[in-house]
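Structure record follows, encoded as structure tokens.
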Amino acid sequence: MAPIGLIESCLRHGQQTLLLSRVRTRHLLSLLAKLEGCGYAGLDVFGGATFEVSLEHLGEDPFERLRSIRANTSVPLVGLIRGQSLVGYRPLPDDAVDSFVSLSAECGLDVFRCFDPLNDARNLAHIAEAVRAVGKHPEGTLVFTESPVHSEESFIALGMELAGLGYQSLCVFDPAGLLGAGSARALVEGLRERTQLPVSVHCATITGQASFAYLAAAEAGARSLDVCLSPLAGGASLPSTEGVYAALRGTDLQPRLDERRVLAAADALDELMPLYQAISDPRGWQYDTSTLRTQLAPSVLEHLRRECETQGAQGKLPAVLEEIPRVRAEMGYPPLITPIAQVVVSQAVANVASGQRYLTVAQEVKDYFLGLFGQPPGAVDPEIQKLVIGGEEPITVRPAEVLEPALEQTRKTMARQGWAEPSDSQLLSFLLFPVSTAALLRGEARVERLEDEQELPGAVALPAAVVDGGDLSEPIGDAAAIPAEVAPAPPPPPAEPVPAPTPVAPAREFSVEVDGEVFSVRVTATDGAGLGGGVAVSGAGGSAPPPLASEGVKAPMQGLIARLAVQVGDQVTVGQTVVVLEAMKMQNEIPSDRSGAVTAVLVAVGQVVSRGDVLVQIA
């Protein structure tokens, strides 16, 4: 047996799962000085949720962050890429993939660890070609899960398919800690024998199985294991670097690490942890064996809790947990990994909250059944598919083949908003996350202040409790579709005085993306009403709507009005969409529960509504 390599993940995966990806670049660079010379096989530094968070909460260009890391280490750099979706949440056109790969390689990324949330190899074909074209290493990644349609043989077959696409190594990727010792051994042995490629293993510690899976994988001939320095190890993260090294010390598998340097790096990371105390959630470090039953990673459980709160189903969690596997089965048993996990969970919550299955269906659920995310692992339920998409025909080709090239269109969109000559990094960031990138370019990014940043201009103090990051460990992003051409969004108008005999909620400002167009919206409370009740809206949507009524089509959850599908005078039928409501970054089509004529539309685009608010009245 040969010594096994270790890939250090505290710079990306560890801080993503336990600190919501909030670690500042200057702190990463200080750690790099300690990690240099430790003997790691690679450093996991790029991709996942860190890209979006860098834009939205750190006020940093993610590509420049990568470039800075590259300039300060000679160790190979690894990035986790969602295949054709890159670091976003939907498949993108090939021109975007080519440009993203080229720029990431130029900034210093060496290993592109590419996975598809559905394990659809078609979504991993073009990016493998793009990575090889720039002289970098593509690593095909298999998302491990358990279901009636998944087996050791099916994963090995997928590995063989990825090898045929030109991937130069493979990774067994297990974000929910489902991989047992027997499966780890069988997969590593089978993949190595059938593909002749080196195999890496990534396994979360959340269920307590990872250490056993790692030993079995190492003994079966795995080339490397993902680990994390102890201050950011355990729970939702990975096994500790120090623990794995100590367990294998004195064996033929002993990693070639400088233990003294590793311990010094762990001490340096430990000294930084108090700065992020307000961000960290102690639950992230805990074991949770319920994941063995639910297959829901910690980030998805957080999304589940918030969905239940948003849709008024807090007291129905047991019913939701029973509904999730039912919805998953109807969708062909997809792995419960971002973004598909959030799609499954949101639909399950909607089914339970409404009391009628698939009464409310998010656009992402429709797109899933239309094949726009890719091919599900198993057959979808044909009756549910027909219920969701009606007479529309699902696509049977690779999703990117139905998409138009995106870069030139995005360039025009940015020019119309005032950025005539964006850099490549600005262009790609805007394509992926238009709202967050626009805020950053306007100097309006919300940068949270740490204890050592008291004098930074524009910094926002962190709350005493855990920051509500909107499930940022692995969220649905703000780029639900490729942005279309839009006119420049005007700045929010000055707030009007609000007469109120009692205290009211303060004005709130939003950047709202509707069908690819970015609007600036200012929402102010009306007489005696909080922001969840009657509101006055400036910006998109025109004048303020009339006060909300007590009868009509009601909002099933709190959210923001993304689109109005009807106007006064329209004839509607039962089940016809009247409003599209954005909640938890998903587009939910709200259907009419009656037939008749629309007599009043009581909301406007950009308005924030609460669960139970009346949206449309129908005679």
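The numbers here are math on the coordinates, done by the rules we state, and not lab data. As the structure is a computational prediction, the values presented were derived from the model and not from experiment. Glycine also receives a Cβ, built like all others from the backbone with ideal geometry; neighbour counts cover every protein chain displayed.
Taking 27 Å as the straight-line reach from the Cα of residue 386, the lysines in range (excluding those fewer than 8 positions away in the same chain) are 366, 554, 585.
The modelled label-to-label distance between residue 568 and residue 393, using points 7 Å beyond Cα along the C-beta direction, is 4.2 nm. Shown here are the Rg and Dmax of the Cα trace of the stretch 296-401, at 13.4, 43 Å. Restricting the calculation to Cα atoms, every distinct pair contributes to the Kirkwood radius of the stretch 232-345, found to be 17.2 Å.
Counting Lys +1, Arg +1, Asp -1, Glu -1, what net charge surrounds residue 295 among other residues with beta carbon under 11 Å of its beta carbon?
0
Its relative contact order, with pairs defined as Cα atoms under 8 Å and 6+ residues apart, puts the stretch 383-450 at 19 percent. Taking label positions 7 Å along the Cα-Cβ direction at both residue 286 and residue 154, the computed distance is 3.2 nm, reported to one decimal. Sorting 65-76, 429-440 by their mean Cβ neighbour count within 10 Å, with the most densely packed peptide first, gives 429-440, 65-76. Computed about its Cα centre, the charge dipole of the stretch 296-401 is approximately 200 debye, with only Lys, Arg, Asp and Glu carrying charge at their Cβ. Each of 184, 145, 108 was placed along the dipole of the stretch 74-184 (beta-carbon charges, centred on the mean Cα), and the one lying farthest toward the positive end is 108.
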